[in-house]
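A short write-up of the structure that comes next.
The values are calculated or read from the model by the stated rules, or taken from the named source; none is laboratory data. Everything numeric here is computed off the predicted structure, so don't read it as measured data. Cβ placement follows ideal geometry from the backbone for every residue including glycine, while neighbour counts extend to all protein chains displayed. For the accessible areas, the whole protein counts, side chains as well, though only heavy atoms, and no ligand, DNA or RNA atoms are used. Shrake-Rupley method; radii C 1.70, N 1.55, O 1.52, S 1.80 Å.
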Amino acid sequence: MKTNKIKRIGVLTSGGDSPGMNAAIRAVVRGAIYNKVKVYGIQRGYQGLVDNDMQEMHSHSVSNIIQIGGTILKTARCMDFMTAEGRRKAYENLVTRGIDALVTIGGDGTFAGAQELGEEFNFPIVGIPGTIDNDICGTDYTIGYDTALNTVVEAVDKIRDTASAHNRLFFIEVMGRNAGFLTLHGGIATGAEAIMVPEYTNDFDMLNIFLNSAQKQHKTSSIVLVAEGDELGGAIKLAKKVEKDHPEYDVRVTILGHIQRGGSPSAIDRVNAGRMGVSAVEALLEGKKDMMVGLMNGKIVYSPFSRSKKEKRPLDPHLMDLIRILSI
Ligand code: F6P
């Protein structure tokens, strides 16, 4: 049930950008206007709240952005907002502008900030998960993950061509901070021979078993995807170790880097952004706060911000097995 207390909402993107954030901003702006609520775009995440850098947005402000990567509102990791003084300034700016509620788009750092502001000033905030890492509990998909996964697949397929031409072993480093979702799913989708993720510590043994047997199997190329957060320290370190232990391999390293954060969002990311954006506005109008909107089993769900701080989203162990089975 909608209550009519909220007249103006603010929207911001914070933390690392992800493809589909613009589609989410568009959905929030149009979802608000549809419900006769004014909407303000806040620049550079929480920094714009602290600096009072925000403008009213209209339906045309978000025309022709659904297909563009990055974020028109810009983003930042804001140090000021980590202080009680910074958050008070942010709150005062919101009150002065008559903004009653906020939608914050980002990852767990964004939600931690939202939780603090919401609790300190009893201010209604609903979050939308936007990060390529897909590491947020309470949603099957974060906005940007599907696009980044497809970017990984496209890049690794290209590397496979040259790896195969030279009979080489490639270590390819994939983003994800402390999470291995892009690496695991990217590994399955590209037929990687092995993956290294921070969630599992026995993956180095699995890699050695594979390396000891691969030569006998006459593999013409081998691809190992390494999550940047892997406990062994990333692709360069790992490659050096393997080169020493296995001189029979011709080893190369590629770090995919920020290419994974850019590009036009996939259809899935655009649809998810549309659904979550409008749902976030509706949630605020229904009186929800301190919550993130998510998608589980195809349905819109809500979970408290505190969950993303307390729980680490696990990788599916069956998918770890799948890598091993499919690489024989
Ligand atoms: O959280 C998104 C992410 O791209 C991570 O995968 C990566 O570790 C980090 O951001 C990189 O951050 P920055 O662009 O600030 O170097």
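Summary of values
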{"quantity": "Dipole-positive endmost among Phe210, Met54, Gly176 within the chain (Cβ charges, Cα centre)", "calculated": "Met54"}
{"quantity": "Cα-centred dipole magnitude for the chain, charges only on beta-carbon of K, R (+1) and D, E (-1), debye, nearest 20", "calculated": "980"}
{"quantity": "The chain: Rg to Rh, with Rh as the Kirkwood radius over Cα pairs", "calculated": "1.05"}
{"quantity": "Shape box of region 146-262 [Cα atoms, principal axes, largest first, Å]", "calculated": "37, 30, 20"}
{"quantity": "Kirkwood Rh, angstrom, region 252-328 [1 / mean 1/r, Cα pairs]", "calculated": "16.0"}
{"quantity": "Probe 1.4 Å, accessible area per residue of region 1-49, Å²", "calculated": "38"}
{"quantity": "Size of electric dipole in region 146-262: Cβ of Lys, Arg +1 and of Asp, Glu -1, about Cα centre, debye, nearest 20", "calculated": "280"}
{"quantity": "Relative contact order (%) - region 146-262, alpha-carbon pairs under 8 angstrom, separation at least six", "calculated": "39"}
{"quantity": "Whole-percent carbon and sulfur share, accessible surface of region 146-262, 1.4 Å", "calculated": "51"}
{"quantity": "For region 138-205: rounded, prolate or oblate by the Cα gyration tensor [a/c cutoff 1.5]", "calculated": "oblate"}
{"quantity": "Summed side-chain charge close to Glu85 - residues other than Glu85 whose Cβ falls under 15 Å, Lys, Arg +1, Asp, Glu -1", "calculated": "-2"}
{"quantity": "By average C-beta atoms within 10 angstrom, highest first, the peptides 106-118, 47-59", "calculated": "106-118, 47-59"}
{"quantity": "Members of Lys38/Lys74; Lys5/Lys299; Lys288/Lys309 lying beyond 22 Å, as alpha-carbon distances in this model show", "calculated": "Lys5/Lys299"}
{"quantity": "Debye, to nearest 20: dipole size of region 169-230, +1 on Lys, Arg Cβ, -1 on Asp, Glu Cβ", "calculated": "240"}
{"quantity": "Cβ crowding within 10 Å averaged over residues, with 259-266, 154-161, 272-279, 294-301 ranked highest first", "calculated": "272-279, 259-266, 154-161, 294-301"}
{"quantity": "Positive-end residue, the chain charge dipole about Cα centroid, Cβ charges, pick of Tyr249, Thr142, Ile42", "calculated": "Ile42"}
{"quantity": "For Ala101, residues with placed amide H under 5 Å, excluding near neighbours", "calculated": "Arg8, Gly10"}
